[in-house]
Amino acid sequence: MLTLTRSVGETIRIGDDIEVHVVEVRGGTVRLGFKAPREVAIHREEVYRQIAEANLLAAQVTADSLGALAAFAPSPAAAEAAGDHAVLEVEVALEGAKAPEKPPA
């Protein structure tokens, strides 16, 4: 880790595109300002960890999840018969809710 000493109003550059400005020092707190391209993500450590954890959870796919999704997939014969315009109908029943009646065909 590189450790630098800077005073209020001074800047640190990272590469050609990122500037870190020391805005204020008060007690044990330092306020920093950042200038960076929009595509560079800048987060406090605790926010970064929350984002990483959420991404990890979102990326986890269990066999149970895949099995549940497969139940909604049309059969190969039905998908072929429907061509590019396959429509998937799904009924969801909520606990304690009465399922709506289907209109006559």
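What follows draws every value from the coordinates through simple rules; no lab data is involved. Quick caveat: nothing in here was measured; it's all calculated off a predicted structure. Cβ sites come from the backbone with ideal geometry, for glycine too, and all protein chains shown count toward neighbours.
With a 10 Å Cβ neighbour count serving as the proxy for reagent exposure, in which order, fewest first, do 21, 43 appear?
Final ranking by Cβ density, sparse to dense: 43, 21.
At 0.36 nm per residue, and after removing the present C-alpha to C-alpha distance, how many nm does the segment from residue 53 to residue 19 gain when stretched out fully?
9.5 nm
In whole angstrom, and with the biggest value first, how far do the Cα coordinates of segment 16-56 range along each principal axis?
Per principal axis, max minus min of the Cα coordinates gives 36, 29, 11 Å.
Could you tell me what fraction of 2.2 N^0.38 Å the Cα radius of gyration of segment 1-79 comes to, as a two-decimal ratio?
The reported ratio for this selection is 1.98.
Quick check: the distance between the Cα centres of segment 37-69 and segment 4-21, to the nearest angstrom?
Rounded to whole Å, the Cα centres lie 30 Å apart.
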